[in-house]
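A quick write-up on the structure given underneath.
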Amino acid sequence: MSQQSEITIGVLAWLATAAIVTTWQLATRWGVTSSLTPVDLALLRYGIPGVILAPVLWRRGAYARGHSWWITAMIVFGGGLPFGLLGMAGAQFAPAAHMGALLPGSMPLFVSIAAAVMLGERYDGQKLCGLALIVAAAFLITSGSFVSDPGGATVLGDTLFLAAGVSWAVYTVAFRKSGLDAWHGAAIICGWSTLALVPLWLVFPDSGLLTSPMQDLALQVVVLGFLAGLFGMFIFGVAVARLGPTATALSGAVIPAATAIGGWVLLEEELSRFAVSGIAVMILGLIAFSFGRTTAPAP
């Protein structure tokens, strides 16, 4: 395959990655404000890939071999539960624009802190500048929530999004230590998450999974189960292989604006001045962060 073809495929995969994450966030916000609960959506998000990837789990094992059990626990609870439930619960209370900005933004922030503390990584000035802009953006967005709805639901939703970022940081550091590949890691996360979610769903009140309109349920199955759960992981790997991790990471800079516009157009959500300012600063921060350099500790 020619270099031009490789780049073309990588760019298409990059665009698809940004589109999938944006679609997942909008579908989640719509789902939890209509007929489904966060537990319903989490069961679809992890249960469908969990069943499909069960053969991988059977062949390769349900834990990270050669490591203590807590590494597997950190991977599952960081990348599966509670991350999924925190993000989906947050979508019940805060608008899509906040989800699109705070989730992609808080992830690199908390991952960088965890990697610096636990792995000894160090960052150049540009990366640190990007992280500072991300902090400023999160402050703008959450401050807007306090101004418009002090002590209200939006503040709770923003807090849950930030907590999901902390959870993802735990997963990222543990996954890097584990040596697992993407598919085995996904099988472990989805398999264990499904086992935890099924009894939770059975006792959870007000589930809409069995009473939801068929078109609502079908949309969530496609978006959460297949697009986000399976295809998203594969297409992200294609983008990384063709373009490299730095260029692919820039897809995160597209998501805040795309989700905010989608929430405004499709969900008829208002965009405050604080949110628009925060999203703009978040995009600049994610771009600066993506092009910064990381120095690994000397062996």
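The values are calculated or read from the model by the stated rules, or taken from the named source; none is laboratory data. Since the structure is predicted, the reported quantities are computational estimates derived from the model, not experimental observations. So basically every Cβ, Gly included, is an ideal-geometry build from the backbone, and we count neighbours across all protein chains shown. Please note that ligands, DNA and RNA were not included when accessible areas were found on the heavy atoms of the full protein model with its side chains. Shrake-Rupley method; radii C 1.70, N 1.55, O 1.52, S 1.80 Å.
List of remarks:
- Taking other residues whose beta carbon is less than 15 angstrom from the beta carbon of L197, and scoring Lys, Arg as +1 and Asp, Glu as -1, yields 0.
- Mean separation of Cα pairs under 8 Å and 6 or more residues apart, divided by the residue count, gives the chain a relative contact order of 40 percent.
- Computed lengthening from A62 to F226, 0.36 nm per intervening residue step minus Cα-Cα distance: 56.9 nm
- Placed amide H near Y123: partners under 5 Å, 5+ positions off or other chain: T295
- A Förster radius of 25 Å, combined with the Cβ-Cβ distance separating C129 from L15, puts the computed FRET efficiency at roughly 0.40.
- Global form of segment 95-206, assessed from the alpha-carbon gyration tensor, a/c cut-off 1.5: oblate
- For segment 27-175: rounded, prolate or oblate by the Cα gyration tensor [a/c cutoff 1.5]: oblate
- Per residue value of the accessible surface for the chain (all protein chains in place, 1.4 Å probe), Å²: 46
- Computed FRET value (nearest 0.05) for F139 with W264, which takes r as the C-beta separation and R₀ as 22 Å: 0.50
- The region of the chain that goes longest without hitting one of the GluC sites (Glu not before Pro) in a DSSP loop, each with at most 13 other Cβ atoms within 10 Å, is 1-267.
- The sum of -39500 (n - 2.57) across all DSSP H runs of n ≥ 4, divided by the residue count of the chain, sets its helix-only mean residue ellipticity at 222 nm to -25500 deg cm²/dmol.
- Among S143, G10, F83 the positive-end extreme of the charge dipole of the chain (Cβ point charges): G10
- Under the span-like rule (Cα at least 20 Å along the axis, Kyte-Doolittle mean at least 0.5), DSSP H helices of the chain: 3-32, 38-52, 96-118, 125-148, 153-178, 182-203, 251-266, 273-291
- Each 10 Å bin from 0 upward holds the following percent of the Cα-Cα pairs of the chain: 7, 27, 36, 24, 6, 0.
- Separation of segment 153-221 from segment 31-103 is 2 Å, based on Cα centroids.
- Label reach from V276 (point 7 Å along Cα→C-beta): in segment 85-115, amide nitrogens under 17 Å belong to 96-98, 101.
- Split the accessible area of the chain by element, probe 1.4 Å, and carbon with sulfur accounts for 72%.
- Relative contact order of segment 92-233, pairs being alpha-carbon contacts under 8 Å that are 6 or more residues apart, as %: 32
- Global form of segment 30-80, assessed from the alpha-carbon gyration tensor, a/c cut-off 1.5: oblate
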